[in-house]
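Peer 1: Below you will find the structure I want to go over with you.
The values are calculated or read from the model by the stated rules, or taken from the named source; none is laboratory data. Worth saying up front: this structure is predicted, and the values here are computed from it rather than measured. Don't worry about glycine lacking a Cβ; one is built from the backbone with ideal geometry, like all the others, and counts go over all protein chains shown.
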Amino acid sequence: MVNFLSQPAVIFVQGVMRLGPLRVSVYGLFAAVGLVASLWLSQRTAKMAGMAGDQLWDAGWFAVTAAFVISRVLLVVRDWYAFRTLPLVVLSLPSFTYGGMGLTVLAVVAYVKWKRLPVLAAMDAWAPCAALLAGVLSLGHYFEGTDAGMPTSLPWGVQAPGFGRVQPVQLYGFVASLVLLVVLMRMLRRRLRAGVVAGAALLAGGAMAFVLDMLTQPSQWGGGTWLDPGQWIGLGAIVVGTLMLMFQKEFV
């Protein structure tokens, strides 16, 4: 009989957190906490953006549900034979790809339009929530040991299995997201023109993602292209954010 009292209460092993006899995905746990925290924050940011809290709450849950369903559908379509053979194993795989992200955004935009919600105000209210979620997910990657940084000799480098001493790029992302969260919350309080906060979030967030991706191990999906997929998305966010701000008369 195993005496769990004689063992450490919490153990991190290869992205899995052991709580006694239980095993929980580290990244999944952080993702769940980040989603709940972001939805909770949306109740406050909705009012700051001039919306009803329940409107943004419902839209937030729709976005979460859409992301889950779309990612699973794409996973099944991509390998129908494997799904027929081992359906539960396939459905348990991590599957939120860039394609799934894009389709989720389109689905959420369609939902917001269907509910006749102010799109720019909703984007403004969601901007700090997205920064909070990004910061929590960065911590999740850090404790899971994924998205390792590039090799470094700096004194604050961390050991990563298979990579040696690397940049703690996940912690950089966490700190940068918290700073962005504070800035966006202050902008919301100033009651700027609708879309300014969202534009600033896309511009700053895209720049952060682009720079941090340069410090991260190259993606296997890069395919020899000039930039990794994450950097292309970062550039896209910079362009969209810049255009949104250019069409606003009130910047400060």
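Peer 1: Of all residues in segment 139-174 being of a type in the set (S, T, N, Q) and in a loop (DSSP other than H, G, I, E, B), which is nearest to Gly28 (Cα to Cα)?
Peer 2: Thr146
Peer 1: Name the pairs whose Cβ atoms lie under 7 Å apart, with the first residue in segment 48-77 and surrounded by 14 or more Cβ atoms within 10 Å (Cβ to Cβ), the second part of a helix (DSSP H, G or I) and aromatic (Phe, Trp, Tyr), and 6 or more positions between them or separate chains?
Peer 2: Ala59/Tyr111; Phe62/Tyr111; Val76/Phe83
Peer 1: Looking only at segment 177-193, decide whether some residue is surrounded by fewer than 20 Cβ atoms within 10 Å (Cβ to Cβ), under 27 Å from Val26 (Cβ atoms) and either hydroxyl-bearing (Ser, Thr, Tyr) or in contact (Cβ under 8 Å) with a residue 40 or more places away in the chain (or both).
Peer 2: Checked against the condition, which is being surrounded by fewer than 20 Cβ atoms within 10 Å (Cβ to Cβ), under 27 Å from Val26 (Cβ atoms) and either hydroxyl-bearing (Ser, Thr, Tyr) or in contact (Cβ under 8 Å) with a residue 40 or more places away in the chain (or both), segment 177-193 yields at least one hit.
Peer 1: Further question: Kindly indicate which of Thr97, Thr85 is at pLDDT below 90 and within 13 Å of the chain's Cα centre (by Cα).
Peer 2: On the way: Thr85 fails: within 13 Å of the chain's Cα centre (by Cα).
Checking each option against the conditions leaves just Thr97.
Peer 1: Okay, moving on. Take Leu171 and decide whether it is crowded, with 20+ Cβ neighbours inside 10 Å, of a type outside the set (D, E, K, R) and modelled with pLDDT of 90 or more. First the steps, then the outcome.
Peer 2: On the way: crowded, with 20+ Cβ neighbours inside 10 Å: no; of a type outside the set (D, E, K, R): yes; modelled with pLDDT of 90 or more: yes.
So Leu171 does not fit the description; no.
Peer 1: Something else: Residue by residue through segment 206-236, note down the ones that are among the aromatic types (Phe, Trp, Tyr) and either surrounded by 14 or more Cβ atoms within 10 Å (Cβ to Cβ) or modelled with pLDDT of 85 or more (or both).
Peer 2: Going residue by residue through segment 206-236, those that are among the aromatic types (Phe, Trp, Tyr) are 210, 221, 226, 232.
Matches in segment 206-236: Phe210, Trp232.
Peer 1: Among the residues in segment 127-135, are any modelled with pLDDT of 85 or more and more than 26 Å from Leu178 (Cα to Cα)? Steps first, please.
Peer 2: Going residue by residue through segment 127-135, those that are modelled with pLDDT of 85 or more are 127-135.
Filter once more, keeping what is more than 26 Å from Leu178 (Cα to Cα): none.
There is no residue in segment 127-135 that is modelled with pLDDT of 85 or more and more than 26 Å from Leu178 (Cα to Cα).
Peer 1: For Ala204, state whether it is closer than 16 Å to Gly230 by Cα, without any contact (Cβ under 8 Å) to a residue 60 or more places away in the chain and more than 14 Å from the chain's Cα centre (by Cα). Please lay out each step first, then the result.
Peer 2: Working: closer than 16 Å to Gly230 by Cα: yes; without any contact (Cβ under 8 Å) to a residue 60 or more places away in the chain: yes; more than 14 Å from the chain's Cα centre (by Cα): yes.
Judged against the criteria, Ala204 is a match.
Peer 1: Let me ask another. Just to be sure before I move on: is Val16 at pLDDT below 80, over 21 Å from Leu192 (Cβ atoms) and crowded, with 20+ Cβ neighbours inside 10 Å in the structure I sent? Steps first, answer last, please.
Peer 2: Details: at pLDDT below 80: yes; over 21 Å from Leu192 (Cβ atoms): yes; crowded, with 20+ Cβ neighbours inside 10 Å: no.
No; evaluated as a whole, the condition is false for this residue.
Peer 1: Follow-up. Between a residue in segment 21-32 that is under 13 Å from Tyr142 (Cβ atoms) and any residue that is at pLDDT below 75 and aromatic (Phe, Trp, Tyr), which pairs come within a Cβ distance under 7 Å, given they are 6 or more apart or on different chains?
Peer 2: Val26/Phe12
Peer 1: Would you point out the residue of segment 25-70, among those that are closer than 16 Å to Ala130 by Cα, under 13 Å from the mean Cα position of the chain (by Cα) and not aliphatic (A, V, I, L, M), that is modelled with the highest pLDDT?
Peer 2: The residue in question is Ser38.
Peer 1: Looking only at segment 141-165, count every residue that is crowded, with 18+ Cβ neighbours inside 10 Å and in contact (Cβ under 8 Å) with a residue 40 or more places away in the chain and tell me the total.
Peer 2: Residues in segment 141-165 being crowded, with 18+ Cβ neighbours inside 10 Å and in contact (Cβ under 8 Å) with a residue 40 or more places away in the chain: 6 in total.
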